[in-house]
1. Which of Ala114, Ala102, Ala176 moves most in a GNM of the chain, Cα contacts under 10 Å?
2. Report the extension gain between Tyr243 and Leu137 in nm, rounded to one decimal, defined as 0.36 nm multiplied by the number of residues separating them, less their alpha carbon distance.
3. Apply the membrane-span-like helix rule to the chain: whole DSSP H runs, Cα extent along the own long axis of at least 15 Å, mean Kyte-Doolittle hydropathy at least 0.0. List the helices found.
4. In the chain, with Lys and Arg counted as +1 and Asp and Glu as -1 at Cβ, which of these residues, Val268, Gly211, Gly298, has the Cα nearest the positive end of the dipole, that is, farthest along it?
5. Got the relative contact order for the stretch 161-302 handy, in percent, Cα pairs under 8 Å and 6 or more residues apart?
6. Suppose every K and R has +1 on its Cβ and every D and E has -1 on its Cβ; what is the size of the dipole of the stretch 8-73 about the Cα centre, in Debye to the nearest 20?
7. Take the alpha-carbon centre of the stretch 114-167, take the same for the stretch 197-268, and report the distance between them in whole Å.
8. Set the Förster radius R0 to 45 Å, insert the Cβ-Cβ distance between Ala102 and Ala264 as r into 1/(1 + (r/R0)^6), and round the FRET efficiency to 0.05.
Amino acid sequence: MTGTDIRGLAALRPRLPSPLREVTDGRFERHGVRLLLKRDDLIHPELVGNKWRKLAPNLDAADGRTVVTFGGAYSNHLRATAAAGRLLGLSTVGVVRGQELAELPLNPSLARCAADGMRLHFVDRSTYRRKAQPETLAALLRAVEAEDAVVVPEGGSNARAVRGCRALGEELGEHADVAALACGTGGTLAGLAAGLPAGRRALGIPVLKGGFLADDIRRLQERAFGGRRGTWSLDDRFHHGGYARTTPGLDAFADDFEQRHGLAVERVYVAKLLYALLALTEEGAFPRGTTLAAVVTGRPFP
């Protein structure tokens with residue numbers, strides 16, 4: 001394949017729109033709340049969940065050029081980009097946070113990236129924090145010999161990705177009063193909110209500590225649409241210690257949800273979302289008669 005285009009992406013047979021399924025759960029029902037699962041994890045077996053929605057427009061823009069992107073040692077985004085490169089015949093480079101990792105055996109996540117043909121370039125954490133600065137980015141592109149590459153930011157969240165995620169809100173349409181998802185970089189929420197019809201709102205559950213995400217989402221919507229779009233809010237209380245952190249309570253909740261509903265619950269994002277929705281329901285945050293749609297953005301790895 002000499003270039004990526006819409007026809008090439010369509011050949012990967014994404015399942016769109018993704019399924020929307022109701023689950024029967026007495027913990028929600030006793031509060032008069034109906035729970036739907038938006039199964040974005042079923043869009044594609046390798047470009048899972050919101051990764052398809054965010055990557056597809058960026059891969060289309062690559063038009064056969066190398067794709068350079070960024071992530072940590074266990075980045076879902078890096079794995080998805082590497083898989084897309086293999087499937088579409090694109091060269092990919094992953095700039096990985098943590099120079100010390102270069103001297104260690106690859107963990108299963110990075111090993112999957114390498115097996116899919118991604119070139120891994122490890123950088124120290126100070127450089128990684130400055131990766132968006134023009135001089136630092138230019139130096140990184142020179143270092144990986146990809147100065148004409150298409151650069152996709154960490155987590156895949158840029159204006160193209162946000163516009164791609166607008167379809168998620170359009171698919172949900174009038175089916176739910178509140179559409180909720182776990183947030184890392186905020187791009188999916190920015191697009192989801194823009195795609196929802198009037199009178200519906202988006203709720204984001206950040207999986208990182210810091211309280212910085214609202215400003216990032218506003219900037220993403222400004223770049224994608226010229227200003228704020230839709231009704232959205234964040235609840236920062238459910239990160240359980242930070243990115244990729246968990247607690248015994250969260251693990252027990254996820255195990256129980258799996259047994260109740262036959263759904264393998266991904267821990268970094270999806271478990272925190274579902275935990276938050278139950279906690280908010282029990283707090284009375286949703287009026288009786290509310291229909292919630294929880295966006296399942298991924299599945300467990302490996």
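1. Comparing Ala114, Ala102, Ala176 in a Gaussian network model of the chain, the most mobile one is Ala102.
2. Numbers: separation 106, 0.36 × 106 = 38.16 nm, distance 2.45 nm.
That pair, Tyr243 and Leu137, stretches by 35.7 nm at full extension.
3. Working: long enough: 50-62 (19 Å, -0.95); 76-88 (18 Å, 0.14); 159-172 (21 Å, -0.11); 213-225 (18 Å, -0.69); 248-261 (20 Å, -1.01); 270-283 (20 Å, 1.12).
Answer set is 76-88, 270-283.
4. Gly211
5. Values: 259 pairs, mean separation 38.0, N = 142.
RCO, the stretch 161-302: 27 percent.
6. Details: 12 positive and 8 negative charges, 31 e Å.
Using Cβ point charges on Lys, Arg, Asp and Glu, the stretch 8-73 gives about 160 debye.
7. Taking the Cα centre of the stretch 197-268 as reference, the centre of the stretch 114-167 is 23 Å away.
8. Working: r = 32 Å, r/R0 = 0.72.
E(calc), rounded to 0.05, equals 0.90.
The values are calculated or read from the model by the stated rules, or taken from the named source; none is laboratory data. If you're wondering where the values come from, they're calculated on a predicted model, not measured in any experiment. Note that each Cβ is placed from the backbone with ideal geometry, even for glycine, and that neighbours are counted across all protein chains shown. Side chains included, ligands, DNA and RNA excluded: accessible areas come from the protein's heavy atoms. Shrake-Rupley method; radii C 1.70, N 1.55, O 1.52, S 1.80 Å.
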